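Accompanying notes for the structure given below.
The values are calculated or read from the model by the stated rules, or taken from the named source; none is laboratory data. Since we're looking at a predicted model, the values are computed, not measured. Cβ placement follows ideal geometry from the backbone for every residue including glycine, while neighbour counts extend to all protein chains displayed. Side chains included, ligands, DNA and RNA excluded: accessible areas come from the protein's heavy atoms. Shrake-Rupley method; radii C 1.70, N 1.55, O 1.52, S 1.80 Å.
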Amino acid sequence: MADEVVLLDLKVSPFAARVRIALEEKGISYESKVEDLSNKSSTLLKMNPVHKQIPVLIHNGRPICESMIIVQYIDEVWSHKSSLLPSDPCRRAHARFWADYIDKKIYPIGRNLWASEGEVKESSKKDLVECFKVLEEELGEKPYFGDESFGYIDLALVPFYTFFYTFEILGELSMVAEFPKLVGWGERCLQKETVSKSLSGQKEVYEIILQIKQKLGIQ
């Protein structure tokens, strides 16, 4: 019997994009069910009763939640293709460290940037710039964070490449001027079909963020 793979999805979500990339990297056929987070489906509420958020991977009726946990699950279950995580335990720990750093920094700080005003917004901009400096240094001269090939850290971060335009406009900064290596890395990742077909456009993400700002009453 063939695997039944369903993804509770949202196109512009960077977290759902991670899962889409992982599924594409492994060549797994799946059904995408797009959620309306303002009117969550009974399936979502049943499959993720704790957080009630996407993404949720439903594999043969069993749910797996939280994007990087889902990515690790995909890597372990469909191990017939090259691993997304390094085989060496030390390098695996290193990859997980940076994925955790990305989770704890980029989205929370980025959200503060577009969902706040005044001093909080300025503070968020400074924090975001510092995070990108750290990531730029970690990337160094490597083509990918996983050295010569696209891997776990790249997969964790690349969905946020679609937010670079938003960060530039709202943060009044130039990503290519301040973080040329990160911008080059993002463009390199987009040359992979598994990545490009899984991500939204930067202008599309910006329009969604503007809608969120309007709902929050923030200019």
Identify all residues within the range 110-140 that are not in a helix (DSSP H, G or I) and not acidic (Asp, Glu); write none if there are none.
Ala115, Ser116, Gly140
Take Leu139 and tell me if it is open to solvent by less than 10 Å² (accessible area, probe 1.4 Å), at pLDDT below 95 and of a type in the set (A, V, I, L, M, F, W, C).
no
Give the residue that is farthest from Ala93 (Cα to Cα), with candidates limited to residues of the range 149-172 that are out of contact with any strand residue (DSSP E or B) (no Cβ under 9 Å at 6 or more places or on another chain) and among the aromatic types (Phe, Trp, Tyr).
Tyr165
From (1) open to solvent by less than 10 Å² (accessible area, probe 1.4 Å); (2) within 30 Å of Lys26 (Cα to Cα); (3) without any contact (Cβ under 8 Å) to a residue 60 or more places away in the chain; (4) of a type in the set (A, V, I, L, M, F, W, C), pick out the condition that doesn't hold for Val183.
(1)
Does the range 154-176 include one or more residues that are farther than 19 Å from Val205 by Cβ and surrounded by 13 or more Cβ atoms within 10 Å (Cβ to Cβ)?
no
Go through the range 146-174 and count every residue that is free of Cβ contacts under 8 Å to residues at least 24 places away in the same chain, in a helix (DSSP H, G or I) and not acidic (Asp, Glu).
0
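Condition check ((1) touching an Asp or Glu at 6+ places or on another chain (Cβ under 9 Å); (2) basic (Lys, Arg); (3) at pLDDT below 95; (4) within 19 Å of Gln72 (Cβ to Cβ)) across all residues:
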site	(1), (2), (3), (4)
Asp9	yes, no, no, yes
Ala16	yes, no, no, yes
Asn39	no, no, no, no
Leu44	yes, no, no, no
Looking at Ser41, Ser13, can you tell me which residue is closer than 27 Å to Thr162 by Cα, out of contact with any Leu (no Cβ under 8 Å at 6 or more places or on another chain) and either open to solvent by 40 Å² or more (accessible area, probe 1.4 Å) or of a type in the set (S, T, N, Q) (or both)?
Ser13
Any residue in the range 201-213 that is open to solvent by 60 Å² or more (accessible area, probe 1.4 Å), among the charged types (D, E, K, R), more than 19 Å from Glu24 (Cα to Cα) and not in a helix (DSSP H, G or I)?
no
Can you run down the residue pairs with Cβ atoms below 7 Å, 6 or more apart or on separate chains, where the first is in the range 68-79 and at negative phi and at pLDDT 95 or above and the partner is open to solvent by 20 Å² or more (accessible area, probe 1.4 Å) and assigned to a helix (DSSP H, G or I)?
Met68/Asp103
